[in-house]
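Student: Shown below is the structure under consideration.
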Amino acid sequence: QVQLVESGGGLVRAGGSLRVSCVASGGSFEDYAMGWFRQAPGKEREFVAGIGSVRYYADSVKGRFTISRDNVKNTMYLQMNGLKPEDTAVYFCAATTSVWVLVRNEADYWGQGTQVTVSS
């Protein structure tokens, strides 16, 4: 029943910034742990960041990315600074019961993704 829709992706030069958003509907937003994953062509999906009772980041994005959520707007954000070409991927929004589930690279609900391309 939960639906997730991402937006905000685009093309940015290396060193630049983007903020991607995820709007949730069909469930109680406050009850879910939310997170971001990404997948580049030919590569496996990888966990990026999660937010629930705690926040957790993949080592590859620590210090550069910030995850946040607005419960009034039912929206989650990922602020991406200091972008690198290796950050290029489709970024997926996800929801589950605990941030620990997300850290294990799992989730119960998924969005369709938004493309982020970082040029050198």
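The values are calculated or read from the model by the stated rules, or taken from the named source; none is laboratory data. This one's a predicted model, so the numbers in the text were calculated from it and none came from an experiment. Heads up, the Cβs are rebuilt from the backbone with ideal geometry, glycines too, and the neighbour counts pull from every protein chain shown. The accessibility values were calculated without ligands, DNA or RNA, using every heavy atom of the protein model including side chains. Shrake-Rupley method; radii C 1.70, N 1.55, O 1.52, S 1.80 Å.
Student: In the stretch 62-91, which residue that is in contact with a helix residue (DSSP H, G or I) (Cβ under 8 Å, 6 or more places away or on another chain) and in a loop (DSSP other than H, G, I, E, B) is surrounded by the fewest Cβ atoms within 10 Å (Cβ to Cβ)?
Tutor: Checking each candidate, the answer is N71.
Student: Here's something else I'd like to know. Quick test for you: out of V2, V48, V23, pick the one residue that is in contact with a Gly (Cβ under 6 Å, 6 or more places away or on another chain) and under 18 Å from Q112 (Cβ atoms).
Tutor: Being in contact with a Gly (Cβ under 6 Å, 6 or more places away or on another chain) and under 18 Å from Q112 (Cβ atoms) holds for just one of V2, V48, V23, which is V2.
Student: Tally time: how many residues in the stretch 92-115 are touching a Gly at 6+ places or on another chain (Cβ under 9 Å) and open to solvent by 40 Å² or more (accessible area, probe 1.4 Å)?
Tutor: Of the residues in that region, 6 qualify.
Student: Further question: Looking at the stretch 1-54 only, could you name the residues that are within 18 Å of N81 (Cβ to Cβ) and basic (K, R)?
Tutor: Within the stretch 1-54, R13, R19, R38 meet the criteria.
Student: Here is a further query. If I ask for residues that are in contact (Cβ under 8 Å) with a residue 60 or more places away in the chain and of a type in the set (S, T, Y), which ones from the stretch 11-41 would you list?
Tutor: S17, Y32, listed by residue number.
Student: May I ask you to verify whether A107 is within 21 Å of K43 (Cβ to Cβ), in a loop (DSSP other than H, G, I, E, B) and either in contact (Cβ under 8 Å) with a residue 40 or more places away in the chain or out of contact with any Asp or Glu (no Cβ under 9 Å at 6 or more places or on another chain) (or both)?
Tutor: For A107, the condition - within 21 Å of K43 (Cβ to Cβ), in a loop (DSSP other than H, G, I, E, B) and either in contact (Cβ under 8 Å) with a residue 40 or more places away in the chain or out of contact with any Asp or Glu (no Cβ under 9 Å at 6 or more places or on another chain) (or both) - is met.
Student: If you don't mind, another one. Among the residues in the stretch 27-45, are any of a type outside the set (V, I, T), open to solvent by 20 Å² or more (accessible area, probe 1.4 Å), farther than 15 Å from L102 by Cβ and not in a loop (DSSP other than H, G, I, E, B)?
Tutor: Yes, the stretch 27-45 has at least one match.
Student: Let me ask something else about it. Between A49, A14, A24, A40, which is modelled with pLDDT of 95 or more, of a type in the set (G, A, S) and over 30 Å from S120 (Cα atoms)?
Tutor: A24
Student: While we're on this one: Any residue in the stretch 76-96 that's more than 17 Å from G15 (Cβ to Cβ): show its pairings with residues that are surrounded by fewer than 22 Cβ atoms within 10 Å (Cβ to Cβ) and at pLDDT below 95 at Cβ separation under 6 Å, as long as the two are six or more apart or on different chains.
Tutor: From residues that are more than 17 Å from G15 (Cβ to Cβ), the pairs are A95/V2.
Student: A further question on this structure: Which residues, taken from the stretch 52-61, are open to solvent by 10 Å² or more (accessible area, probe 1.4 Å), hydrophobic (A, V, I, L, M, F, W, C) and either at pLDDT 95 or above or in contact with a Pro (Cβ under 6 Å, 6 or more places away or on another chain) (or both)?
Tutor: Matches in the stretch 52-61: A58 only.
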